[in-house]
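Before any comments, here is the structure.
The values are calculated or read from the model by the stated rules, or taken from the named source; none is laboratory data. Please read all numbers here as calculations on a predicted model, not as lab measurements. Methodologically, a virtual Cβ is constructed for each residue, glycine included, from the backbone with ideal geometry; neighbour enumeration extends over all protein chains shown.
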Amino acid sequence: MPMIDAELDKRFGTREVLCKARLVVRPGSVHALVGENGAGKSTLVKILAGVIRGDGGQLAVDGKPRDVPTWTRQAARAAGIGIVQQHGAFAGTLSVVENAVLGAERVLLDLAPTATQLAELGKRVGLPIDPWARTDKLSLGAAQRAEIVAALHHGAKLLVLDEPTAVLTPVEVEGLLETLRHLAREGTAIIIVTHKLDEVRAVADEVTVLRAGETVATFTARPFLVADIARAIVGAEPPEAAQAPPLAQGAAPALVLEHVSVGTALRDVSLSVRAGELCGIAGVDGNGQRELALAIAGLVAHAGEVRLGTRDVTGASPRARLAAGLAHIPEDRHHGGLVLDGTLADNVVLGRPDVTGRFRIDRARVAAFARTQVEQLDIRPPDPHAIVRALSGGNQQKVVIARELSRPDLRAVVAAQPTRGVDLGAVARIHDQLVGVARGGAGVLVISADLDELLALCHRIVVVLRGRVVGERAAGANGWGDDARGALGAMMTGAEAAA
Amino acid sequence: MKRHFEVLFELARRPSLGATRELQAATIALLVSLALGSLLVFATGRSPATVWWAMVTRVADSPYAIGQVLYKATALVFTGLAVSVALDAGLFNIGGEAQLTAGVLACSTVGAALPASTPAALAIPVCVLAAAAAGGAIGALIGILRVTRSAHEVITSIMLNAIVAGLTLWIGNTLLFRDGTTRGLAIAPGAELPLLGLGGSPANAALIIALASALAVWWLRGRTTWGQAWLAIGRNAEAARSVGISVGRVQILVMTGAGALGGLGATSFVLGHKHAFEQGLGSGVGFLGISAALLGRAHPFGIVLASLVLGFLSTGGLAVSDIIPKELTEMLQGIVVLAVASSVPWVQRRSAA
């Protein structure tokens, strides 16, 4: 008997997000739910976990039929369904253990026993956590581990993970996938929402593919052919990956950092990106990448020198740096990138006086500009008046990319996690754009936790560890050598430095 | 306490649902208020239909009452805008009382200091500017404390309300009040704004300044890069910062503008009606502006409508005070605001996610 047998409908306003989307999950199996952004994956799992209400359809949990429109978070929790959401659900200023007992139906709380249980449970399933750590002080990976442990602590028999690997590094991803396999062997059913097909291949027992709110394919027997899944996801042949153009010899430096430090997070980093070069920053999340991007953009105080071309912008404000030819794609589009309650057009021209005009907004020009960008990046829905909050993650990211990479006279680009949590089609578009600006003569610094992304995109990869540059590699004439991946991975974890 | 304000904040900051749905929400809210109000009226032993009918007809049939509605609405438009402009930038300006009082003091003092022969073309702009500058100074102070000292604007606003009220009373007592009255010297005749001539009511030409202010706010907010920046920092300060907007500077400017709008409320009281400084002039209107801003959904035109509704409820309540106690209509004002605050999320949920 399946743990979950669901066929769900959901509309947001007039938009049909799910239409008889079928999902069957067996106990003790890892079930991958894949599809493009906006296909309805998150919506589907949120309905299962009672985070949002479905409009109709059928839902059977452990063979027992349930009423979809009245299925709540409490009911789901009681039925053993736990969810770890894409952007985390923990309240920032509380500790892990306090978050774990939030919503528990008890009046008096003695946290110590629960903390011990959490720590032990974490150790047992291979997810070490500190139950007393404040959740806003945790790295994204650690916060996610804590959420998984908390869900298991609540007695989850079905664990739903919405894009869990989007925020993790290769090493952390390996660890997480291993844990998921372990949990499944112990009988926990797992739904993992993901874009990454190598993860599907590595961990999934079964696969459901959603497209435009409908289940278009299911794969129930390993081994899966990744090409088949990819075809089912896009409904056509997957797009070709962008290629970095050959690097001109002797190109002038576009972005230069000399001895840049930010507190203790980033220490004495010197780096030069040449015009037309795509330079990657690899490293395990939380090793100073965030501070590096912010320092270049002028958003944190830093020591050392930052130059754009020959121009010293060390003391310059963020606005002056942007005006001097910098573009900054912030790592978190919700936090630093977008005004979610604004329209697509609002966001595409935010801080772009070259489009809007200095004081009075030239509305015709803004509308034309937004339409061009929507077309160029294939942003969906193609409506400049759409509220950005309602767009899928990939399309939101395209809005940020559109605004930043369309700046006039670009000299240098800092792209922090440019394709985090973004679907295959959008990744290709975004890579195209990054390669495009490099071809146009800008120096591009790509910061990514996804080493494969950097290998696909960059001429050179610099590795950071504990805030310092610990090594770098450049692609040869024939691309990256076979050993590049392993060597960079070793540097990321500090194995190289120790040797 | 800070927490409670922030809940209100969230309510007022919800994105606009578009004119049709906003009106839909307003209609629902009005019907709900009417129903709750009817229960209250019923509890006093009267027939709700009679009372409502009397309220509408007694206001509609009397030019004086209509003038009263407009007079009350005029000041509310100013103090409502003072709240909403700040709210757009993510700041809660509840210093409307201080800003209005400072405006009244400055406007009447400057007006009284002008030579009696000053022509209107000079006297009126000078007094209007004085009112705006005084209110703006209070707003700027709140903004500067918030940006440079991280002092929460709600706290500083509350404190400034008390300080300005005390200071004004002291200045009045020691310098301004004449012959044992609580009234200062009359302003220059040229500074007086003409009455609208509605049955002897104090409705005056400050209404035009109020409507022009609402129009100006609407234009700045939706059609200029200033508005773009001020809305952006209200919705996501971090994103605004990363595209090069100087968040602190904009916050101070917005608070200054908000304070200036609050101060402009003085034009109706001083230039249009009393023509002198008076103790307690405009008192309470600063706070009622919060209601106007919430009811008007922090939109300039919404605030004009909301001010008219609140003005009507207040005037209509007095008009039927022989039938029902006037406290009941005061409660009704609160009920209307609450009904709007709760109907908007409801309509929003029903229309989209």
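Checking the conditions here, which among A:ILE47, A:ILE83 is in a helix (DSSP H, G or I) and either closer than 24 Å to A:LEU118 by Cα or at pLDDT 90 or above (or both)?
A:ILE47 is the lone residue from the list that is in a helix (DSSP H, G or I) and either closer than 24 Å to A:LEU118 by Cα or at pLDDT 90 or above (or both).
Only one of B:ARG249, B:ARG241 is among the charged types (D, E, K, R) and in contact with a helix residue (DSSP H, G or I) (Cβ under 7 Å, 6 or more places away or on another chain); which?
B:ARG241
Might you check whether a residue that is in contact (Cβ under 8 Å) with a residue 12 or more places away in the chain, farther than 26 Å from A:GLY342 by Cα and aromatic (Phe, Trp, Tyr) occurs anywhere in the range B:68-77?
Within the range B:68-77, one or more residues are in contact (Cβ under 8 Å) with a residue 12 or more places away in the chain, farther than 26 Å from A:GLY342 by Cα and aromatic (Phe, Trp, Tyr).
Applying the selection to the range A:400-412, what residues are more than 30 Å from B:GLY18 (Cα to Cα), within 14 Å of chain B (Cβ to nearest Cβ) and outside any loop (DSSP other than H, G, I, E, B)?
A:LEU405
Does at least one position in the range A:313-321 carry a residue that is small (Gly, Ala, Ser), buried (at least 17 other Cβ atoms within 10 Å of the Cβ) and touching a helix residue (DSSP H, G or I) at 6+ places or on another chain (Cβ under 8 Å)?
No; the residues of the range A:313-321 include none that is small (Gly, Ala, Ser), buried (at least 17 other Cβ atoms within 10 Å of the Cβ) and touching a helix residue (DSSP H, G or I) at 6+ places or on another chain (Cβ under 8 Å).
Could you please let me know if B:ALA212 is more than 14 Å from chain A (Cβ to nearest Cβ) and closer than 30 Å to B:ASN173 by Cα?
no
Can you say whether A:LEU326 is within 14 Å of another protein chain (Cβ to nearest Cβ) and modelled with pLDDT of 95 or more, as far as the supplied structure shows?
When the stated conditions are applied, A:LEU326 passes them.
Can you confirm whether the range B:166-180 contains a residue that is in contact with a Gly (Cβ under 8 Å, 6 or more places away or on another chain), over 28 Å from B:ALA73 (Cβ atoms), of a type outside the set (Val, Ile, Thr) and free of Cβ contacts under 8 Å to residues at least 40 places away in the same chain?
Looking through the range B:166-180, at least one residue is in contact with a Gly (Cβ under 8 Å, 6 or more places away or on another chain), over 28 Å from B:ALA73 (Cβ atoms), of a type outside the set (Val, Ile, Thr) and free of Cβ contacts under 8 Å to residues at least 40 places away in the same chain.
Let's see how each residue does on (1) under 20 Å from A:PRO418 (Cα atoms); (2) buried (at least 23 other Cβ atoms within 10 Å of the Cβ); (3) touching a residue at least 24 places away in the same chain (Cβ under 8 Å):
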residue	(1), (2), (3)
A:VAL160	no, yes, yes
A:PRO164	yes, yes, yes
A:VAL171	yes, no, yes
A:LEU183	no, no, yes
A:ASP198	yes, no, yes
A:VAL203	no, no, yes
A:VAL209	no, yes, yes
A:ALA212	no, no, yes
A:THR220	no, no, no
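Checking B:GLU327 against (1) at pLDDT 80 or above; (2) within 14 Å of chain A (Cβ to nearest Cβ): exactly one of these is not met. Which one?
(2) is the only condition that B:GLU327 fails.
Among the residues of the range A:426-461, count how many are among the charged types (D, E, K, R), surrounded by fewer than 19 Cβ atoms within 10 Å (Cβ to Cβ) and in a helix (DSSP H, G or I).
Counting residues in the range A:426-461 that are among the charged types (D, E, K, R), surrounded by fewer than 19 Cβ atoms within 10 Å (Cβ to Cβ) and in a helix (DSSP H, G or I) gives 3.
Can you report the number of residues in the range A:407-421 which are touching a Leu at 6+ places or on another chain (Cβ under 9 Å) and either buried (at least 24 other Cβ atoms within 10 Å of the Cβ) or over 15 Å from A:HIS328 (Cβ atoms) (or both)?
Number satisfying all stated conditions: 6.
Hey, A:PHE369 hits all of (1) surrounded by fewer than 23 Cβ atoms within 10 Å (Cβ to Cβ); (2) in contact with a strand residue (DSSP E or B) (Cβ under 7 Å, 6 or more places away or on another chain) but one; which does it fall short on?
So A:PHE369 meets the others, but not (2).
Among the numbered criteria (1) surrounded by 19 or more Cβ atoms within 10 Å (Cβ to Cβ); (2) more than 14 Å from chain B (Cβ to nearest Cβ); (3) within 18 Å of A:ARG420 (Cα to Cα), which one does A:GLU331 miss?
(2)
Identify, from the list A:PRO65, A:PRO27, the residue that is farther than 19 Å from A:VAL193 by Cα and either touching a residue at least 24 places away in the same chain (Cβ under 8 Å) or surrounded by fewer than 23 Cβ atoms within 10 Å (Cβ to Cβ) (or both).
A:PRO65
Please go through the range A:341-356 and pick out each residue that is facing chain B (nearest Cβ under 8 Å), surrounded by fewer than 20 Cβ atoms within 10 Å (Cβ to Cβ) and modelled with pLDDT of 90 or more.
A:PRO353
Exactly one condition in (1) within 17 Å of A:ARG407 (Cβ to Cβ); (2) of a type in the set (S, T, N, Q); (3) part of a loop (DSSP other than H, G, I, E, B) is not met by A:THR372; state its number.
The single condition A:THR372 does not satisfy is (3).
Can we say B:VAL250 is within 14 Å of chain A (Cβ to nearest Cβ), closer than 30 Å to A:LEU338 by Cα, touching a residue at least 40 places away in the same chain (Cβ under 8 Å) and out of contact with any Cys (no Cβ under 7 Å at 6 or more places or on another chain)?
So B:VAL250 passes the test.
Test of understanding: among A:GLY393, A:GLY471, which residue is farther than 24 Å from A:PRO253 by Cα and touching a helix residue (DSSP H, G or I) at 6+ places or on another chain (Cβ under 9 Å)?
That would be A:GLY393, the only listed residue that is farther than 24 Å from A:PRO253 by Cα and touching a helix residue (DSSP H, G or I) at 6+ places or on another chain (Cβ under 9 Å).
I'd like to know if the range B:333-353 contains one or more residues that are outside any helix (DSSP H, G or I) and crowded, with 17+ Cβ neighbours inside 10 Å.
no
Could you grab me the full set of residues in the range A:362-399 that are in contact (Cβ under 8 Å) with a residue 12 or more places away in the chain and facing chain B (nearest Cβ under 9 Å)?
Hits for the range A:362-399 are A:ILE387, A:ARG389, A:ALA390.
Can you tell which of B:LEU295, B:LEU313 is away from every other protein chain (no Cβ under 14 Å), hydrophobic (A, V, I, L, M, F, W, C), out of contact with any Gly (no Cβ under 8 Å at 6 or more places or on another chain) and over 30 Å from A:ARG319 (Cα atoms)?
Unique residue meeting the criteria: B:LEU313.
Being within 14 Å of chain B (Cβ to nearest Cβ) and within 30 Å of A:GLY489 (Cβ to Cβ) is the requirement here; does A:ALA293 meet it?
yes
Restricting attention to the range A:375-399, which residues are more than 23 Å from B:GLY222 (Cα to Cα), outside any helix (DSSP H, G or I) and of a type in the set (Asp, Glu)?
Matches in the range A:375-399: A:ASP378 only.
With respect to the numbered conditions (1) touching a strand residue (DSSP E or B) at 6+ places or on another chain (Cβ under 8 Å); (2) within 26 Å of B:ASN161 (Cα to Cα), which one is the sole condition not fulfilled by B:SER242?
With (1) touching a strand residue (DSSP E or B) at 6+ places or on another chain (Cβ under 8 Å); (2) within 26 Å of B:ASN161 (Cα to Cα) applied to B:SER242, the lone miss is (2).
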